[in-house]
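The values are calculated or read from the model by the stated rules, or taken from the named source; none is laboratory data. Quantities reported herein were computed from a predicted structural model and do not represent experimental measurements. Using ideal geometry, Cβ is built from the backbone for each residue, glycine included, and neighbour counts are taken over all protein chains shown.
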Amino acid sequence: MEKCQSAQGTGLKKSSKETLTATFKDLDKNKDGKVSVDEIKKGLKVEDEVAASIIHAWDEDGDKLISLDEFLNAFTHK
Ligand SMILES: [Ca+2]
Ligand SMILES: [Ca+2]
């Protein structure tokens, strides 16, 4: 899909969203569409508590899992 969107305004390029989506799919080892503490731990090679705090920071609906939307929000809000 090639849209001629101007570079101004959005801040986030489509390509970086695609990169984030690819990263998310890479983290989601069991392909259930959510990234768990365990998957964060393994994917990012971090400690238990780091993974837990990442989940805490990114999880918006409180199910202790990160959906693709939550993952994208975590990056695009910054
Ligand atoms: Ca998963
Ligand atoms: Ca969630």
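Could you tell me whether residue 22 is among the hydrophobic types (A, V, I, L, M, F, W, C), within 16 Å of ligand 1 (Cβ to nearest atom) and modelled with pLDDT of 95 or more?
yes
Could you check segment 29-78 and list, in sequence order, the residues that are among the basic types (Lys, Arg) and either touching a residue at least 40 places away in the same chain (Cβ under 8 Å) or more than 14 Å from ligand 1 (Cβ to nearest atom) (or both)?
45, 78
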